[in-house]
């Protein structure tokens, strides 16, 4: 089964990437892997409480995942899986793609701010020629109706 890999983070554009991945998976008989990355620098200055902070970050990720997973199951009939990795986002995305041969598409949401589409889109676009899977970039401002039309 082909899986769509989508990154769960705190950005607004993440929502459209999630929607797109779930809709495409539902229409093509695929699956969705939701990847959330905990940056190690979040804990570097707090060595004494690093494990507590890591556990809190994992709980927060799980709560966000539960919301998206419920929508995917109820509306799209797709049962996503959650993967939590710790490290630098681009490295961990590439490592997850390498670790799961069923991942066929990386789905990213693009920001619409004047600063550009966002760091993940920018960095991974530069490496797109050497990635083993295609990248689908979903505009963060695209309406739900338009997403439904194109998926």
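Quick look at the numbers
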read-out	value
All positions within region 100-134 that are modelled with pLDDT of 95 or more and touching a strand residue (DSSP E or B) at 6+ places or on another chain (Cβ under 9 Å)	100, 102, 103, 104, 105, 106, 107, 108, 133, 134
Search result, residues across region 17-51 that are farther than 15 Å from residue 105 by Cα and at pLDDT 80 or above	36, 37, 38, 39
Entirely in region 68-151, the helices (runs of 4 or more DSSP H) that have 2 or more residues that are buried (at least 16 other Cβ atoms within 10 Å of the Cβ)	89-99, 119-126
Members of region 128-138 that are more than 14 Å from the chain's Cα centre (by Cα) and touching a residue at least 60 places away in the same chain (Cβ under 8 Å)	133
Residue in region 47-62 that is part of a loop (DSSP other than H, G, I, E, B), in contact (Cβ under 8 Å) with a residue 40 or more places away in the chain and in contact with a strand residue (DSSP E or B) (Cβ under 7 Å, 6 or more places away or on another chain) present	no
Residue in region 24-38 that is surrounded by fewer than 19 Cβ atoms within 10 Å (Cβ to Cβ), more than 14 Å from the chain's Cα centre (by Cα), without any contact (Cβ under 8 Å) to a residue 40 or more places away in the chain and on the phi < 0 side of the Ramachandran plot present	yes
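The values are calculated or read from the model by the stated rules, or taken from the named source; none is laboratory data. Source: prediction; values computed, not measured. A quick note on method: Cβ atoms are made from the backbone with ideal geometry, for glycine too, and the neighbour counts reach across all protein chains shown.
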